[in-house]
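Each value in this text was obtained by applying a stated rule to the coordinates, not by laboratory testing. Quick caveat: nothing in here was measured; it's all calculated off a predicted structure. Cβ: placed from backbone, ideal geometry, glycine included. Neighbour counts: every protein chain shown.
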Amino acid sequence: MHRRWSRKVAWSLAGAVALLVLLACLALGAWPVPSICGNLQARIDLARGRPKLLEAGLPSMGRPRFNRLLRQRYGVEASVIGGCTVSNFILAYVDVYDEVIESSLRKRYGRDVLREAFEEVAAY
């Protein structure tokens, strides 16, 4: 009986700690879920051989050329997941997702291919 009671107490304490961490994250505005989800999805897309560059917000004038350049040279597709108004959740998700993809491309090609492509489009 004593062992059973201590398991209940342990689970109750674990739940209370998890709730306190969640409330602290909400109060501080540091919500970890989009970061975790973005990181995980980027790694899944890389493992499947289908890396994407996520975009949020209105596109710039050179964006179609930039996206075409990435697709043709490096096999990276562009995907828009937000229009002119995006939430903080989406922005955090996109930032982390793109950071993982950029890091992978830098490691694969030995240089910052996204910056090079951007500079080439800007010079056009």
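I'd like the FRET efficiency for S6 and A122, computed as 1/(1 + (r/R0)^6) with the beta carbon distance as r and R0 of 41 Å, rounded to 0.05.
On the way: r = 64 Å, r/R0 = 1.56.
Calculated transfer efficiency: 0.05.
Could you give the dipole magnitude of the chain about its Cα centre, charging the beta-carbon of Lys and Arg +1 and that of Asp and Glu -1, in debye to the nearest 20?
Working: 18 positive and 11 negative charges, 152 e Å.
About 720 debye.
Under a GNM of the chain (C-alpha, springs under 10 Å), which listed residue has the highest mean-square fluctuation: A14, A47, A56?
A14
Using the Cα gyration tensor of segment 83-124, with a ≥ b ≥ c the square roots of its eigenvalues, what is the shape: rounded (a/c below 1.5), prolate (a/b larger than b/c) or oblate (neither)?
Working: a/c = 5.31, a/b = 1.43, b/c = 3.71.
Cα axes put segment 83-124 in the oblate bin.
Please state the shape class of segment 31-123: rounded when a/c is under 1.5, otherwise prolate if a/b exceeds b/c and oblate if not, all from the C-alpha gyration tensor. Could the numbers behind the result be given before it?
Values: a/c = 2.00, a/b = 1.20, b/c = 1.67.
Cα axes put segment 31-123 in the oblate bin.
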